[in-house]
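Notes follow once the structure below has been shown.
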Amino acid sequence: MSDWISTFPGYKQVLTTAKKTFGRIIRTGPVPKHVGIIMDGNRRYAKSHNLEIKEGHSLGFDSMASVLELLYESGVECATVYAFSIENFKRSTVEVKWLMDLAKSKFRQINNHGELCEEYGVKVRILGNKSLLPDDVLEILNETEEISKNNTRAVLNVCFPYTSRDEITHSVRETVRECMGNPNMIINEQTLDDHLYTKDSPKLDLLVRTSGTFRLSDFLLWQCVSPDCAIVFIDKLWPAFRPWDMAKILINWGFNKYWYGGHANGYPHAYKRIKHDEDDDDEEEEEEVNGMLEANGVSETNGSSGFKRYDAEQ
């Protein structure tokens with residue numbers, strides 16, 4: 001249906017106007033500063049629509065651009081997308097070549113035109129183990145970073161190639177290297193955090209994964225462990241994921257963030273105090289607050305997304 005509608009004259013203009021309007025509406029409430037996206041389902045979408053796998057990946061890139069426009073219109077300061085996992089190098093040589101060619105093609109378009117970067121003032125940063133990339137791909141990615149380095153309105157982190165294990169290993173290695181020059185250096189969680197690829201980005205507020213798969217696939221594992229990070233799993237395959245789907249998630253996140261006292265897990269401050277204050281023996285107050293939580297559908301298995309958290313035992 002959406003493919004048929006998109007053939008109408010003026011469709012893109014209407015779509016752009018609608019995204020700007022929705023963005024202004026979302027801005028009226030709390031907005032996550034940093035959103036991470038696991039763009040999963042390109043291959044399954046291609047197979048289910050009798051397309052070549054490379055066409056599925058290309059459609060996935062188009063979905064990414066459309067969703068990013070809405071995020072930046074809504075006031076999101078930083079978006080981090082999982083573009084290519086180090087594990088993807090284990091796929092067939094043909095598919096890896098398709099992905100590398102697609103990256104070169106799309107980033108070359110950004111370099112030549114750069115509408116998204118110019119209109120939204122987006123700085124593009126490539127995160128990951130870039131030593132694994134072919135020289136021609138690395139050259140284009142470095143050019144993209146150079147062209148957008150002075151933009152300050154928003155940031156797009158493209159994880160390519162990336163795994164969280166590699167990122168944490170990198171952080172430990174850099175910490176050890178720094179410690180060798182400063183034996184009195186204190187090493188703690190913040191030290192490792194300061195050496196992650198995302199060290200210059202805000203704390204992760206929201207992580208979205210498409211395709212109905214309930215796992216994080218080695219993406220931002222260190223960053224999303226915070227109780228202030230909401231994780232949302234969506235059944236749609238990534239190429240079928242639309243800006244309206246993201247708008248609903250942002251509105252839901254903002255509603256819960258506002259309604260439950262600013263805590264990303266959907267708990268009000270009163271609930272946090274009662275749960276953690278061992279000296280508070282007021283059972284009536286605890287029952288009253290917990291009753292209010294239950295009445296609003298909030299439990300320890302609900303996140304700020306409003307969706308049920310995944311439980312492997314269910």
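The values are calculated or read from the model by the stated rules, or taken from the named source; none is laboratory data. Keep in mind that this is a model prediction, so the values were computed, not measured. Cβ coordinates were reconstructed from backbone atoms using ideal geometry, including for glycine residues, and neighbour counts include every protein chain displayed. Surface accessibility is based on the protein's heavy atoms, side chains included, excluding ligands, DNA and RNA. Shrake-Rupley method; radii C 1.70, N 1.55, O 1.52, S 1.80 Å.
Got a sec? Which of V208, V155 is open to solvent by 30 Å² or more (accessible area, probe 1.4 Å), β-branched (V, I, T) and under 15 Å from the mean Cα position of the chain (by Cα)?
V155
Which condition number in (1) at pLDDT 95 or above; (2) outside any strand (DSSP E or B); (3) crowded, with 19+ Cβ neighbours inside 10 Å is the one that F89 fails?
Among (1) at pLDDT 95 or above; (2) outside any strand (DSSP E or B); (3) crowded, with 19+ Cβ neighbours inside 10 Å, the lone unmet condition for F89 is (3).
Does S105 meet the test of being open to solvent by 20 Å² or more (accessible area, probe 1.4 Å), part of a helix (DSSP H, G or I), closer than 20 Å to E52 by Cβ and of a type in the set (G, A, S)?
So S105 passes the test.
Collect the residues in the stretch 33-45 that are touching a residue at least 40 places away in the same chain (Cβ under 8 Å), more than 11 Å from the chain's Cα centre (by Cα) and farther than 17 Å from R215 by Cα, keeping them in residue-number order.
The answer is Y45, and nothing else.
Name the single residue that is farthest from L99 (Cα to Cα) among those in the stretch 164-175 being open to solvent by 10 Å² or more (accessible area, probe 1.4 Å) and not charged (D, E, K, R).
V172
Taking the condition surrounded by fewer than 18 Cβ atoms within 10 Å (Cβ to Cβ) and over 21 Å from S74 (Cβ atoms), does E178 pass?
Spelling it out, E178 is indeed surrounded by fewer than 18 Cβ atoms within 10 Å (Cβ to Cβ) and over 21 Å from S74 (Cβ atoms).
Looking at this structure, is A79 touching a Leu at 6+ places or on another chain (Cβ under 7 Å), in the same structural domain as C229 (by TED's automatic domain parsing), surrounded by fewer than 22 Cβ atoms within 10 Å (Cβ to Cβ) and within 24 Å of K20 (Cα to Cα)?
When the stated conditions are applied, A79 does not pass them.
Being of a type in the set (G, A, S) and farther than 18 Å from R209 by Cα is the filter here, so list the residues in the stretch 59-78 that pass it.
Hits for the stretch 59-78 are S74, G75.
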